[in-house]
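Here is the structure we will look at.
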Amino acid sequence: YCLSPERLFLQMHDHLSDIACIDLGHELCGTYARCGTDHVVHGLPPVTSTSKIKRYLLRCSGNRHVKRALINLGCVNDNSSSLRETHLAMLLCLPTRYGGGGLPKPILNMPIDVSPQTNITWRNDLRWTDIGWKDARLGVEYDSNEFHSGSEKIAKDAERRILLMAAGYEIIVVTNDQFKRLREIQRVIAVIYRLLGLRQRCRTEDYLLKQQKLHRDILKLSFRGQF
């Protein structure tokens with residue numbers, strides 16, 4: 001038999017850490033899926049959503065791990081299109097108690113109308129940014145080696161980002177090399193706080209140690225299968 005994705009999310013709290021459960025939630029609510037330990041398939045329809053998982057968990061009140069699962073679900077975003085997009089969002093936005101940057105919850109693959117810039121009047125012309133905060137008109141783009149290499153792809157990325165900036169959005173680009181270095185992630189977090197007009201505050205004890213652990217754990221999840 002096959003478990004529903006909502007039931008799977010709850011049951012895996014018996015076996016996985018909070019970080020791994022949040023990672024799994026993004027995959028279930030995203031458009032990619034792991035196949036084995038070293039391959040990811042992209043462009044799939046999401047098998048569930050955060051709202052569906054929440055409705056299921058609320059019906060299971062009293063069951064083991066439901067409270068923990070609801071807390072972790074609050075850190076999951078819909079519509080992630082890749083593993084690294086998920087992991088960058090986690091580094092930036094998980095609460096500081098997990099070692100994350102504590103930034104406000106973003107929108108993944110946020111659609112932005114650039115019709116006025118392209119003069120396409122007969123329909124909305126949309127572009128997407130990987131991680132975004134709509135009210136602040138701010139987006140973060142992840143440049144992976146897999147999807148952003150080659151002269152043609154680089155040119156298309158540059159054109160898209162220029163359109164997003166012309167539409168009034170500030171765009172921050174995070175490279176694969178930056179993703180692997182915690183000091184660079186810390187700098188990105190500080191810049192986003194400034195652009196959002198927020199003060200970066202943290203009262204979490206041993207925050208730096210938790211941040212280092214989260215970064216290590218996420219790097220491990222980036223290079224191996226979930227199960």
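The values are calculated or read from the model by the stated rules, or taken from the named source; none is laboratory data. Note that the coordinates shown come from a computational prediction; the quantities given were computed from them, not determined experimentally. Glycine also receives a Cβ, built like all others from the backbone with ideal geometry; neighbour counts cover every protein chain displayed. Accessible surface is based on the protein model in full, side chains and every heavy atom, while ligands, DNA and RNA are left aside. Shrake-Rupley method; radii C 1.70, N 1.55, O 1.52, S 1.80 Å.
Summary table
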item: Residue within region 38-45 that is within 21 Å of TRP128 (Cα to Cα), of a type in the set (Val, Ile, Thr) and free of Cβ contacts under 8 Å to residues at least 40 places away in the same chain present; result: yes
item: Lone unmet requirement of (1) at pLDDT 95 or above; (2) among the hydroxyl-bearing types (Ser, Thr, Tyr); (3) open to solvent by less than 10 Å² (accessible area, probe 1.4 Å) for TYR98; result: (3)
item: Filter result for LEU70 (touching a helix residue (DSSP H, G or I) at 6+ places or on another chain (Cβ under 7 Å) and without any contact (Cβ under 8 Å) to a residue 24 or more places away in the chain); result: yes
item: Residue within region 165-187 that is closer than 29 Å to VAL40 by Cα, touching a Lys or Arg at 6+ places or on another chain (Cβ under 9 Å), modelled with pLDDT of 90 or more and among the polar types (S, T, N, Q) present; result: yes
item: Options MET12, MET90: the member that is surrounded by 17 or more Cβ atoms within 10 Å (Cβ to Cβ) and free of Cβ contacts under 8 Å to residues at least 24 places away in the same chain; result: MET12
item: Qualifying residue in region 159-176 (condition: open to solvent by 50 Å² or more (accessible area, probe 1.4 Å), assigned to a loop (DSSP other than H, G, I, E, B) and either in contact with a helix residue (DSSP H, G or I) (Cβ under 8 Å, 6 or more places away or on another chain) or hydrophobic (A, V, I, L, M, F, W, C) (or both)); result: no
item: Sole residue being closer than 27 Å to ILE185 by Cβ, without any contact (Cβ under 8 Å) to a residue 40 or more places away in the chain, surrounded by fewer than 21 Cβ atoms within 10 Å (Cβ to Cβ) and among the polar types (S, T, N, Q), chosen from THR50, THR31; result: THR50
